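Contents: one structure, followed by commentary.
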Amino acid sequence: MSSDLKLEAETGRTLGSRSSRSLRRSDKIPAIVYGQGSDPLPVTLDRPKFRAALNAAGPNAVITLDVDGSDYLTIVKNMQRDPIANRVTHVDFMLIDLDQRLVVDVPISLVGEAALVVQEGAVVQQQMMTLTVEAPAGNIPQLFEVDISEMSIDNPVRVSVIEMGSGVIAQVEDDALIAIGQRSRAAVAAEEVEDEESDELEEGEELDGEASDSAEEAGDDAGDDR
């Protein structure tokens, strides 16, 4: 069984940084195919086609590489990027079997509106951007969408709410935090001011009560003297 996503790659590229720079200027990407006891195979990708494949299927997609007419079942194991332009400069493809179990990082996307968090004067803070899972190569999740509409400050979103899918196992505990409600500094400061004012009011009422009690006691003492 092969994957539905197919990408052409060419062999025969010259190794070395000068050759790689020349390929990139031609809108090509140098890459390597390795794994399963095979010798590393240097290949060349067409940048627009590779970008289209990733956009369509996601970074954890199983890709059938057509290398000079021979098919190789692979997954993208690593991508190097230019730190300034953020363009992919090199790709590592790992050879796989569909029944092989892999450990991958799956992106997490928060969906819905956290109305309760807003009402509590807080904002949503995403604590976990990706979730590391172990999954069969043929059933790797591309994205976890997590609904935050029921969350509040006292009810954060945890890994346990995610439906993993068949054979998918999270590599963190179920109670690991994905998103929390956190009050802004302004909201915390306003709450502290309210607490101080409330304390001052209570102290004032206590003092007034003590003064009234003292006045009553003084009146009683004066009555006794008579």
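FYI, it's all coordinate maths here, none of it is from the lab. In this text, all values refer to a predicted model and were calculated from it rather than measured experimentally. Here Cβ is always computed from backbone atoms with ideal geometry, including for glycine, and neighbour counts include all displayed protein chains.
Proximity of backbone amide H atoms, modeled 1.01 Å from N, is registered between R158 and I178 at under 5 Å, excluding neighbours fewer than 5 places apart on the same chain. Evaluating 6.51 cos²θ - 1.76 cosθ + 1.60 at θ = phi - 60° for every residue in segment 145-157, the Karplus couplings come out as 9, 10, 7, 10, 5, 9, 7, 8, 4, 8, 10, x, 8 Hz, glycine and proline recorded as x.
Assuming 0.890 mPa s and 25 °C, estimate D for segment 5-98 with Stokes-Einstein, Rh taken as the Kirkwood radius over Cα pairs, in µm²/s.
On the way: Rh = 13.4 Å.
The estimated diffusion coefficient comes to 184 µm²/s.
Here the Debye sum runs over all C-alpha atoms of segment 90-188 as equal scatterers in vacuum, and log10 of I(q)/I(0) at q = 0.12, 0.16 Å⁻¹ comes out as -0.47, -0.71.
Exposure proxy ranking for R185, R47, based on other Cβ atoms within 10 angstrom of each Cβ and starting from the fewest, stands as R185, R47.
For segment 66-196, averaging the sequence separation of C-alpha pairs within contact (under 8 Å, six or more residues apart) and dividing by the residue count gives a relative contact order of 24 percent.
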